[in-house]
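Reviewing the structure listed below.
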Amino acid sequence: MFKMWWEIKGHLEVKNNKLYIGGKSSEYLAKKFGTPLYVLNINRVKENYLRLYYSLQKYLKRQLVILYSVKANSSLALLRVLKNLGAGVDAVSPFEVFLAKLSGFDKEEILFTGTSVSNEDMILIGRKAKINIDSLSQLERYAKLAKRYGFDKKISIRVNPEKGAGFISDCITAGKEAKFGIPKKDIFFAFKRALELGLQPIGLHQHIGSGILAQDLNIFLKAAEAILNLAGKLKKKFNLEFEFIDLGGGLGIPYKSSQEVINLEKFGKNLGETIEKIASKANLGNFDLYLEPGRYIVGDAEVLLVKVVDVSKKYVNEIGVNAGFNILDRPARYKTYHEIVNASRVKGETKLYRISGNLCESGDVFNETKYKLRKLPFIKEGDILAILNAGAYGLTMSSNYNLRPRPREIMIDKNKVKIIRERETFNELIATQRR
Ligand code: PLP
């Protein structure tokens, strides 16, 4: 039978014209656990992690360390699984560091890469994580704090390699328009200054952007080449030993049928061979190679299930669902495409629809924009719709706008289903307010 482009054996499957996630019927899960509902298939997370790890590690003569980027999805249950698989953590705020600690990671496994980092942030993370310095100002302030509080002298420094990539401009984190890292032109000064301040730079980091797909992988490869060459020059000039070089995250996943899945086998070979070639030429020694994927690990592993509560013929076919952009912000924020599947009737005669959220905002739709209607099989009240690829930057970017609670999250692990996060209650939403 004709397959949907997003079907993945054992993960997303169509049986009797209904959607199954990790072998479980979406309609059954929606009924049992209520909607809206985030459904995380941890088996898929494990596959993604291991595929990425082995496709690169086998071409390296050094240790590959995958620092999972917590900002993509910060569920404790997920972090614990990744810890067991051997991952470390990329954290961008003190509370992400605290969460990583709570999940069992220790200091050596957590790299804190902040931006606009305050002294208060640095004091909070203190001895709990390794630190990656984002600016010359932070470098000076860290050196003072390190003396005062006895923090680690070992640091990593983030360079802005001046060419980035990503699915939209706000997701490109390198180049002259990006706020992140120390500009390449100042990087020799930064290392010199770090040494003068009594610090020991042992890491070099970059992250060029997020949502990088097949056609832009070359930019990632070129950036990897550049950072290794830079590390070689820094090592020579300052007689350093790098313990790690960190290429950041950014590997994308296809959100629509026209987007290509990254050929990891080819990518791993290209990247691995490039790294080893430069590392040996530049005499870079036995550093670990770090990657910081978020989206690639968890993006396609989670689905958001919502219920159709209102079907009306207004100016267009308007489908009202019981969730809004407070629960999945990417379509409204970035105008990006998420596949929407009628889990109750995957295939059938189609109509053009607008899938509208329950927030009082005209832009609160799950289509890319309110103007772009979506062709979907016939929809009726009570149907369950599945919004795919909701695992990365879904729950972590959610809010309580319109005083709507964040939803429940469940995890499918092999054959078992468990609740890993509860739906928020009214009292929890107002708990921080003085009455
Ligand atoms: N590392 C850093 C420093 C980031 O800022 C980000 C996200 O923006 C990531 C890693 C993860 O990116 P992605 O989820 O695209 O892999």
Query - Index of the failed condition, Leu395 passing every other in (1) away from the ligand (no atom under 16 Å from the Cβ); (2) out of contact with any helix residue (DSSP H, G or I) (no Cβ under 8 Å at 6 or more places or on another chain); (3) touching a residue at least 24 places away in the same chain (Cβ under 8 Å) - result: (1)
**Report entry** Matching residues in segment 136-180 - criterion: being at pLDDT 95 or above, over 21 Å from the mean Cα position of the chain (by Cα) and within 16 Å of Ile208 (Cα to Cα)
**Finding:** Ile157
Query raised in the report: In segment 269-302, how many are more than 20 Å from Ile202 (Cβ to Cβ) and of a type in the set (A, V, I, L, M, F, W, C)?
Result: 4
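Among the residues of segment 241-262, write down those that are over 22 Å from Glu109 (Cα atoms) and either open to solvent by less than 30 Å² (accessible area, probe 1.4 Å) or within 13 Å of the ligand (Cβ to nearest atom) (or both). Reasoning before the result, please.
So the first thing to find is which residues in segment 241-262 are over 22 Å from Glu109 (Cα atoms), and the list is 252-262.
Of everything in segment 241-262, those that are over 22 Å from Glu109 (Cα atoms) and either open to solvent by less than 30 Å² (accessible area, probe 1.4 Å) or within 13 Å of the ligand (Cβ to nearest atom) (or both) turn out to be Gly252, Ile253, Pro254, Tyr255, Ile262.
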Query raised in the report: Just checking, which of Leu217, Leu234, Leu228 is outside any loop (DSSP other than H, G, I, E, B), open to solvent by less than 30 Å² (accessible area, probe 1.4 Å), within 18 Å of Leu52 (Cβ to Cβ) and out of contact with any Lys or Arg (no Cβ under 8 Å at 6 or more places or on another chain)?
Result: Leu217
**Report entry** Filtered residues of segment 250-295 (kept if touching a residue at least 40 places away in the same chain (Cβ under 8 Å), farther than 19 Å from Leu60 by Cα and part of a loop (DSSP other than H, G, I, E, B))
**Finding:** Gly250, Gly252, Ile253, Pro254, Tyr255, Lys256, Ser257, Gln259, Glu260, Val261, Ile262, Gly294
Report summary line: Counting only residues in segment 304-339 that are of a type in the set (Asp, Glu) and either in a strand (DSSP E or B) or open to solvent by less than 10 Å² (accessible area, probe 1.4 Å) (or both), the one farthest from Leu40 (Cα to Cα) is identified as Glu318
Report summary line: Conditions (1) open to solvent by 50 Å² or more (accessible area, probe 1.4 Å); (2) under 17 Å from Tyr49 (Cα atoms); (3) within 16 Å of the ligand (Cβ to nearest atom) -> Glu265 fails only (3)
**Report entry** Extreme residue, nearest to Val321 (Cα to Cα), among residues of segment 340-355 that are free of Cβ contacts under 8 Å to residues at least 40 places away in the same chain and open to solvent by 10 Å² or more (accessible area, probe 1.4 Å)
**Finding:** Arg354
**Report entry** Qualifying positions in segment 186-214 - within 16 Å of the ligand (Cβ to nearest atom) and surrounded by fewer than 23 Cβ atoms within 10 Å (Cβ to Cβ)
**Finding:** Leu213, Ala214
Query raised in the report: Which residues, taken from segment 1-20, are among the aromatic types (Phe, Trp, Tyr) and in a loop (DSSP other than H, G, I, E, B)?
Result: Phe2, Trp5, Trp6
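Suppose the filter is within 16 Å of the ligand (Cβ to nearest atom), within 26 Å of the chain's Cα centre (by Cα), under 22 Å from Asn400 (Cα atoms) and at pLDDT 95 or above; does Glu292 pass it? It would help to see each step written out before you state the result.
Details: within 16 Å of the ligand (Cβ to nearest atom): yes; within 26 Å of the chain's Cα centre (by Cα): yes; under 22 Å from Asn400 (Cα atoms): no; at pLDDT 95 or above: yes.
No, not satisfied.
I need a count of the residues in segment 191-229 that are in contact with a Pro (Cβ under 8 Å, 6 or more places away or on another chain) and among the hydrophobic types (A, V, I, L, M, F, W, C).
The first filter runs over segment 191-229 and keeps only residues in contact with a Pro (Cβ under 8 Å, 6 or more places away or on another chain), leaving 191, 194-195, 206, 208, 213, 223, 226-227.
Among the residues that remain, those that are also among the hydrophobic types (A, V, I, L, M, F, W, C) are: 191, 194-195, 208, 213, 223, 226-227.
The number of residues fulfilling the criteria is 8.
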Report summary line: So, first residue over 11 Å from Phe238 (Cα atoms) and assigned to a helix (DSSP H, G or I) in segment 186-211, second residue of a type in the set (A, V, I, L, M) and within 16 Å of the ligand (Cβ to nearest atom), Cβ within less than 6 Å, six or more apart or across chains; the pairs are Ile187/Val159; Ala190/Ile157; Ala190/Ile182
Query - Pair list, Cβ < 6 Å and 6+ apart or interchain, from segment 166-181 residues that are under 21 Å from Arg333 (Cα atoms) and among the β-branched types (Val, Ile, Thr) to residues that are more than 10 Å from the ligand (Cβ to nearest atom) and open to solvent by less than 20 Å² (accessible area, probe 1.4 Å) - result: Ile172/Gly164; Thr173/Gly164
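Counting only residues that are out of contact with any Ser or Thr (no Cβ under 9 Å at 6 or more places or on another chain), within 16 Å of the ligand (Cβ to nearest atom) and among the aliphatic types (A, V, I, L, M), give me the helices (runs of 4 or more DSSP H) lying completely in segment 25-113 with at least 3 of them. Full working, then the answer.
Numbers: elements: 26-33, 42-57, 76-85, 94-102.
Because the criterion is at least 3 residues that are out of contact with any Ser or Thr (no Cβ under 9 Å at 6 or more places or on another chain), within 16 Å of the ligand (Cβ to nearest atom) and among the aliphatic types (A, V, I, L, M), the helices (runs of 4 or more DSSP H) in segment 25-113 that meet it are 42-57.
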Query - Residue list for segment 78-106, restricted to those being aliphatic (A, V, I, L, M) and either open to solvent by less than 20 Å² (accessible area, probe 1.4 Å) or over 14 Å from Ile42 (Cβ atoms) (or both) - result: Leu78, Leu79, Leu82, Ala87, Val89, Ala91, Val92, Val97, Leu99, Ala100, Leu102
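The values are calculated or read from the model by the stated rules, or taken from the named source; none is laboratory data. Since this is a predicted model, take the numbers as computed values, not measurements. Note: ideal-geometry Cβ built from the backbone for every residue, glycine included; neighbour counts use all protein chains shown. Each accessible area value is taken on the protein alone, full model and side chains, heavy atoms only, with ligands, DNA and RNA left out. Shrake-Rupley method; radii C 1.70, N 1.55, O 1.52, S 1.80 Å.
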